[in-house]
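Single-structure report; data block below.
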Amino acid sequence: MAKSARASLAKVFGRVFTPRESKEGAFWQPADQVYPRLSEFDAAASGVTDRGGVYAIWHLGIRPQWLRVGASDNLSKTFEMLTALEDVAIYDRNRGVFVAWAFAPPEHWGGFVKSLSARLAPALQDLSLETESPVEEEALPVDCPLPPGTAN
């Protein structure tokens, strides 16, 4: 059973969880805002098999931090690759690595990734993944909300 990050996020970031959008209009997934552990992620059950979009991963250990934001034509393959990386597995040992994703239009992916990576300074942003869509240098940052419950 996947562990929920919802209570942990509220505890760690010191605020009560209050969604900004209705679940039907949620930008970030899962819509119920119960973020799954990356290591226990079920792509088929989550509806990301062969779908592209933007994603964010973070951990909730002693020093919670953002690990990576990116975009991919196939989120399930990217999540599999991230799970297999030792750089990510190290963070999973202490309270887990969690994931959120958004099925945004491909033309906005680069801008969302640039905006989020500049704002969050993820620890593993410099990793190169063959399953990811590259962010073009000329892409302009596009304001993107954080997954609900993760803002401090």
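Where does each of Ser128, Ser72 land when they are ordered by accessible area, with a 1.4 Å probe and the largest first? The partial results should precede the final answer.
Working: Ser128 110, Ser72 0 Å².
From most accessible down to least: Ser128, Ser72.
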Rounded to the nearest 10 Å², the accessible area of Arg51 at probe 1.4 Å | 110
Quick one: length gained pulling Arg119 to Glu40 fully straight, 0.36 nm per residue minus the C-alpha distance?
-> 25.7 nm
Probe 1.4 Å, all chains present, heavy atoms only: Trp66 accessible area in Å², nearest 10, is 30
Averaged per residue, the 1.4 Å probe accessible area of segment 71-112, protein heavy atoms only, in Å², is roughly 45
Here segment 71-120 gives, from Cα atoms, an Rg and Dmax in Å of 12.6, 36
Cβ charges +1 (Lys, Arg) and -1 (Asp, Glu), total dipole of segment 61-152, debye = 580
Carbon/sulfur accessible area of segment 38-131, % of total, 1.4 Å probe, equals 48
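The values are calculated or read from the model by the stated rules, or taken from the named source; none is laboratory data. Model, not experiment: these values are computed from the prediction. As a convention, Cβ positions derive from the backbone with ideal geometry for all residues, glycine included, and neighbour counts pool all protein chains shown. Just the protein is used for accessible areas: all its heavy atoms, side chains included, with ligands, DNA and RNA removed. Shrake-Rupley method; radii C 1.70, N 1.55, O 1.52, S 1.80 Å.
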